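What follows is one structure encoded as structure tokens, with my remarks underneath.
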């Protein structure tokens, strides 16, 4: 396959590229990224000189440039991760989310549809696939019990989740209307190496190290299902290669945690790893006003991908969070580099 990964310089994308680039099924791997504040080529230093790897600095909002990349590199498979993804930013500035997540996805779908029609005219047996990577936030908020399944009705509550829901529907429509071979995955909250320090876990780590207040929204009891990013990379690769056309697969970590309990766990782990900071990091916890429309609980039922494709997460949260904290402690130079940008 000639594989295009969009958003490959971001958190999940860079972990995905590192995970799959040596696979023998890949002839070339093209990373398309416009390098916003959350995209960093430093995430990909280990693969930058790999013979299969090609980088294209392109914004998906540029329709002509997107088509040029797809055609020039003979793309046969797409893993579409590029998106504006921070809920808080979508509340204060929703426009970028509409343009990137909806219009950008439309431009990419149109480029693939045009190019693949030409390829199939030349070789009717050629298999092409569009894998759209989405979020569990499209389903809205759960009560104290229950799980999101692939048939849960969409009920997005933020501009971010609404934009992702819109892009999901576009991908679905291109499968049913034009016969495009598509798969969609909706994942729970990711954590791990290379996550930009604006999301909960890296923010808490950095604030503890700086002995700054640890902001926790509301009462801290909002619950999320946490997925280690390297487990997610394995799941995405499995779905691209084995998933059924037109299907959706939910990807979860089977790790439900309230925000306040995660913050306390990070405090205790850093106190263990770095006693020279003085300990008792929990005293830095500061409850702040809840954000507008803050969903109370997300939880994923990942039984479909397990039953059909044999994927299950390899990491328990307690194990993955220790590895993540250690990575941030050992890579403070990376943190400072991306924060300067």
Restricting segment 199-243 to residues that are within 18 Å of residue 267 (Cα to Cα) and within 14 Å of the chain's Cα centre (by Cα), the one surrounded by the most Cβ atoms within 10 Å (Cβ to Cβ) turns out to be 226
The condition of being surrounded by 12 or more Cβ atoms within 10 Å (Cβ to Cβ), in contact (Cβ under 8 Å) with a residue 40 or more places away in the chain, within 30 Å of residue 242 (Cα to Cα) and over 20 Å from the mean Cα position of the chain (by Cα) holds, among 323, 308, only for 308
Here is a check on your reading of the model: is residue 146 part of a loop (DSSP other than H, G, I, E, B), out of contact with any strand residue (DSSP E or B) (no Cβ under 8 Å at 6 or more places or on another chain), surrounded by fewer than 24 Cβ atoms within 10 Å (Cβ to Cβ) and at positive phi? yes
Margin query: Among the residues of segment 104-119, are any within 30 Å of residue 257 (Cβ to Cβ) and either in contact (Cβ under 8 Å) with a residue 60 or more places away in the chain or in a strand (DSSP E or B) (or both)?
Written below: no
Of those in segment 2-29 that are over 16 Å from residue 72 (Cβ atoms) and more than 20 Å from the chain's Cα centre (by Cα), the residue surrounded by the fewest Cβ atoms within 10 Å (Cβ to Cβ) is 24
For this session: Return a yes/no flag: does segment 64-85 have any residue that is under 18 Å from residue 159 (Cα atoms) and surrounded by fewer than 22 Cβ atoms within 10 Å (Cβ to Cβ).
Result: no
Matching residues in segment 1-54 (part of a loop (DSSP other than H, G, I, E, B) and closer than 18 Å to residue 71 by Cβ) number 2
* To do: Determine whether residue 270 is closer than 21 Å to residue 228 by Cα, touching a residue at least 12 places away in the same chain (Cβ under 8 Å) and touching a strand residue (DSSP E or B) at 6+ places or on another chain (Cβ under 7 Å).
  => no
Condition set in contact with a helix residue (DSSP H, G or I) (Cβ under 6 Å, 6 or more places away or on another chain) and modelled with pLDDT of 95 or more, scope segment 113-136, selection surrounded by the fewest Cβ atoms within 10 Å (Cβ to Cβ): answer is 113
Within segment 30-51, residues being buried (at least 17 other Cβ atoms within 10 Å of the Cβ) and over 18 Å from the mean Cα position of the chain (by Cα) number 1
- Message: residue 334 - would you say it is in a helix (DSSP H, G or I), buried (at least 16 other Cβ atoms within 10 Å of the Cβ) and at negative phi?
- Response: yes
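The values are calculated or read from the model by the stated rules, or taken from the named source; none is laboratory data. Since this is a predicted model, take the numbers as computed values, not measurements. Reconstructed Cβ throughout: ideal geometry from the backbone, glycine too, with neighbour counts over all protein chains shown.
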